[in-house]
Amino acid sequence: MKIQTQCVPCLIKRIIFETELTTNNPIIKDKAIRNACKILQKNYSHEINSAEIATKVHKIVYDTLRNDDPYKNLKKQSNEIALSLIPQIKKLIQESQDPLRMSILCSIVGNNLDFGIDGASSHPTDLKKIFKKSVKEGLGYDDTEKFKTLLKKSKKVLFFSDNCGEIVFDRILCEELKKYNKDINITLIVKGKPILSDATMKDAEDLNFIKIVDEILTTGCFAVGVDFNEIPIELEKKLKNTDLIICKGMANYESFSDTNYKPILYLLRTKCDSIANSMNIPININAVKLYQ
């Protein structure tokens, strides 16, 4: 997705949030914000991918703050809160007439865990407050039946994760995917380096994800979403030979929507107008959208 004008205030708001997470020193805050604005001014163009620009902006902010993981504590708390909700999720799945759809919905509800932007969480504890309401809301856009048909035919699946906390629910979803098609091989992809509140290899290892999926790879670098110029050769090969790609969250949509990789399933909460308009679906819904 190419950057939209409304992406600019959102990006600025996020970098302000990062400075406040890191320091109380107004001089350092000012320097980080000024540097971010310089990078934005230099790189902003409606012809450039939004995730690409965001990556450059966040990189200069991290470097200025001298903090390679400003969201570290929020990520830890997010995983802890999500783990506390597992009994509720498993009960919902067990009682559902469509366990796979319910596990998808719960996984998307976890996508509410995002920080520093409008339409998302202000703190990890928000997930507990909105969980039941969000599940009850259901899916506002639902390609699950189309996805099921494709999943039955698939052998190789790539699952691109998004935020911490959310990844706890993704583990349950991957279990259900395996139940639905016992022959699929699932590769989980996490971030190569800490970026925003996204999950890394450490999160996947702490959750013992390897007991569920067949392999875990990383995107290989510091990037919002995926930087296809920097991904490891192994992941590049898998992208060319996979039967199905599953992408969680808005940043992965921003990255993949400017590529020709298909079939691809997006599981996300539409938290902003830019994403909703690009996907041609309403804002503030839980969405399952398949592109073939």
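Only the coordinates and a few stated rules stand behind these numbers; no lab work does. Keep in mind that this is a model prediction, so the values were computed, not measured. For neighbour counting, all protein chains shown are included, and Cβ atoms are generated from backbone atoms with ideal geometry for every residue, glycine included.
Laid out as a table, the results:
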| quantity | calculated |
| --- | --- |
| Whole-Hz couplings from phi, Karplus 6.51/-1.76/1.60, listed for segment 281-287; x for Gly and Pro | 9, x, 7, 6, 10, 8, 10 |
| Stokes-Einstein D (µm²/s) once Rh is taken as the Kirkwood radius of the chain over alpha-carbon pairs, at 25 °C in 0.890 mPa s | 128 |
| Value in Å of the Kirkwood radius, where segment 29-179 supplies the Cα pairs that are averaged | 17.7 |
| Most to least packed among 13-19, 277-283, 61-67 [average Cβ atoms within 10 Å] | 13-19, 61-67, 277-283 |
| Acute angle (nearest 10 degrees) that the helix 72-84 long axis makes with the longest principal axis of the chain, alpha-carbon atoms | 20 |
| Anchor Lys75: lysines whose Cα lies under 20 Å away (excluding residues fewer than 8 positions away in-chain) | Lys13, Lys59, Lys128, Lys129, Lys191, Lys193, Lys202, Lys248, Lys271 |
| Dipole magnitude of the chain, debye to nearest 20 (Cβ charges: Lys/Arg +1, Asp/Glu -1, about Cα centre) | 220 |
| Helix 26-43 axis, angle to the chain major axis (alpha carbon atoms, nearest 10°) | 70 |
| Expected-Rg normalisation [2.2 N^0.38 Å, Cα atoms] applied to segment 137-283 | 0.99 |
| Ratio Rg/Rh [Cα only; Rh per Kirkwood] for segment 105-191 | 1.00 |
| For segment 73-291, share of DSSP beta bridges that run antiparallel, in % to the nearest 5 | 25 |
| Segment 246-292: antiparallel DSSP beta bridges as a percent of all, rounded to 5 | 65 |
| Of Lys155/Lys211; Lys153/Lys179; Lys179/Lys237, those spanning more than 21 Å from alpha-carbon to alpha-carbon | Lys179/Lys237 |
| In Hz, Karplus ³J(HN,Hα) per residue of segment 12-20 (6.51, -1.76, 1.60; θ = phi - 60°; x = Gly, Pro) | 5, 4, 5, 6, 4, 4, 5, 5, 6 |
| More than 15 angstrom apart: percent of Cα pairs within segment 211-289 | 60 |
| For segment 7-65, the fraction of alpha-carbon pairs in successive 5 Å shells from zero, as % | 4, 21, 34, 22, 12, 5, 2, 0 |
| Residue exposure sequence - Cys247, Cys272 - by fewest surrounding Cβ within 10 Å | Cys272, Cys247 |
| Coil-residue GluC sites (Glu not before Pro) of segment 215-276, DSSP, other Cβ within 10 Å capped at 12 | none |
| Folded to 0 to 90 degrees: helix 99-109 orientation relative to the chain principal axis, Cα | 10 |
